[in-house]
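J.: Please read through the structure below; I'll follow up with questions.
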Amino acid sequence: MAQIETQFTELRLHGMSRAWNALLETRKHHELSLSEGLELLLQNEYDDRKNKRFERLKKNAGFRYQASIEEVYTEATRGVDKELLTSLATGSYIQNGESVLITGASGCGKSFIASALGHQACMQGNKVAYFNLQKFLLKTKMARLEGTVSKFFTKLAKTELVILDDFGLSYLEQQQRMDLMEIIEDRHGQNSLIIASQLPVSSWYDIIGEETIADAILDRLVHGSYRIELKGESLRKKR
């Protein structure tokens, strides 16, 4: 028995090791056939690795909120389409490289929904990166000064889901427009993007500023994207 436990440890089969110890403690190992025991051990190892990957992906994503799809308020008066949310929860939009645009007044739950979709994506094994837009633009500026901006954008392009929160809080400068254009161009039809904003999509043109770039960005974002347009007063007031 000690040798089996040692081999589990050496092979880093931690899920199997815990399941094996539980069987020994409850004296259930004698009641299982070889195939039943092996199935149980393998399932525990699979679940352990899946959970560890989820925790790692969640930590690296940097979400604003710890949220889940089940916690999202889906009242019709809020403008949340339950069928759409259920469809997005399957992750098919990520597989298809489609965008999700979430708009609504301050405090109505945009960031929470974006975080919930991000957590769901992590559970499905996808790499996710969550940014406040201003912090994202500052990060790209610092990466350019350090000479690592190309590496940063390459890494971001390979991330299955990028979430940009608080879009439209300030007008964009020329380099910021170009940076935003690059990330959207890299992801268009390849990987998914979620953008959350207090402003309706119809106002994004003015926030972006430069006509040619605004046309290019919105053309890639608006057509074929999913929309969640939240309504009602701030949820913070209700709580």
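J.: Mind putting a number on the dipole of segment 111-219 about its Cα centre? Charges go on the C-beta only, +1 for Lys and Arg and -1 for Asp and Glu, and I need it in Debye to the nearest 20.
T.: 600
J.: Any idea what the relative contact order of segment 1-133 is, in percent, if you count C-alpha pairs under 8 Å spaced at least 6 apart?
T.: That works out to 30 percent.
J.: In square angstrom, rounded to the nearest 10, how much accessible surface does THR90 have for a 1.4 Å probe?
T.: 80
J.: What number, rounded to the nearest 500 deg cm²/dmol, is the helix-based mean residue ellipticity at 222 nm of the chain, given -39500 (n - 2.57) per DSSP H run of at least four residues and division by all its residues?
T.: Helix-only estimate at 222 nm: -17000 deg cm²/dmol.
J.: Using Cα pairs closer than 8 Å and at least 6 residues apart in sequence, work out the relative contact order for segment 14-84, in percent.
T.: 32
J.: Run the numbers on segment 84-157 and let me know its relative contact order in percent, using alpha-carbon pairs under 8 Å that are six or more apart.
T.: It rounds to 22 percent for segment 84-157.
J.: Right, next: Report the longest stretch of the chain that contains none of the chymotrypsin sites (Phe, Trp or Tyr not before Pro) sitting in a DSSP loop with at most 15 other Cβ atoms within 10 Å.
T.: Result for the longest clean stretch: 74-170.
J.: Given H placed on each backbone N at 1.01 Å, which residues far from ASN132 in sequence or on other chains put an amide H within less than 5 Å of it?
T.: The answer is ASP165.
J.: Something else about it: State the answer as a single residue: which of HIS119, ASN60, THR154 lies farthest towards the positive end of the charge dipole of the chain, with beta carbon charges of +1 for Lys and Arg and -1 for Asp and Glu, about the Cα centre.
T.: ASN60
J.: A 30 angstrom limit on the alpha carbon distance is what I want to check against. Which of LYS52/LYS231; LYS82/LYS139; LYS52/LYS141; LYS158/LYS231; LYS110/LYS139 exceed it?
T.: As for pairs spanning more than 30 Å Cα to Cα, those are LYS52/LYS231; LYS82/LYS139; LYS52/LYS141; LYS158/LYS231.
J.: Here is a follow-up. Determine the order of HIS30, HIS119, HIS14, HIS223 by accessible area, beginning with the largest, at a probe radius of 1.4 Å.
T.: Result of the area sort, largest leading: HIS30, HIS223, HIS14, HIS119.
J.: With every protein chain kept in the model, how would you rank MET181, MET1 by accessible area, 1.4 Å probe, largest at the top?
T.: Final ranking, largest accessible area leading: MET1, MET181.
J.: Give the distance, in whole Å, between the Cα centre of segment 132-173 and the Cα centre of segment 100-127.
T.: Between the Cα centres of segment 132-173 and segment 100-127 lies a distance of 18 Å.
J.: Would you mind working out the accessible area per residue for the chain, using a 1.4 Å probe, and quoting it in Å²?
T.: Heavy-atom accessible area per residue stands at 57 Å².
J.: According to a simple spin-label model (label point 7 Å from Cα along Cα-to-Cβ), what is the distance in nm between MET142 and SER202?
T.: Spacing of the two 7 Å Cα→Cβ label points: 3.8 nm.
J.: Students sometimes get this wrong: rank ARG227, ARG78 by accessible area, probe 1.4 Å, all chains present, largest first.
T.: In descending accessible area the options line up as ARG227, ARG78.
J.: What shape does segment 109-239 take by its C-alpha gyration tensor, where a ≥ b ≥ c are the square roots of the eigenvalues and a/c under 1.5 counts as rounded, a/b above b/c as prolate, and the rest as oblate?
T.: Cα axes put segment 109-239 in the oblate bin.
J.: Report in % the part of the accessible area of the chain that belongs to carbon and sulfur, leaving out ligands and nucleic acids; probe 1.4 Å.
T.: Solvent-exposed carbon and sulfur of the chain make up 51 percent of the total.
J.: How much FRET efficiency would the formula 1/(1 + (r/R0)^6) give for TYR171 and ARG53, where r is the Cβ-Cβ distance and R0 is 45 Å, rounded to 0.05?
T.: In this case the efficiency is close to 0.70.
The values are calculated or read from the model by the stated rules, or taken from the named source; none is laboratory data. Given the structure is predicted, the values throughout are model-derived calculations rather than measurements. Because the Cβ atoms are built from the backbone with ideal geometry, glycine has one as well, and the counts that use them run over all protein chains shown. In case anyone asks, the SASA skips ligands and DNA or RNA and just uses the protein heavy atoms, side chains included. Shrake-Rupley method; radii C 1.70, N 1.55, O 1.52, S 1.80 Å.
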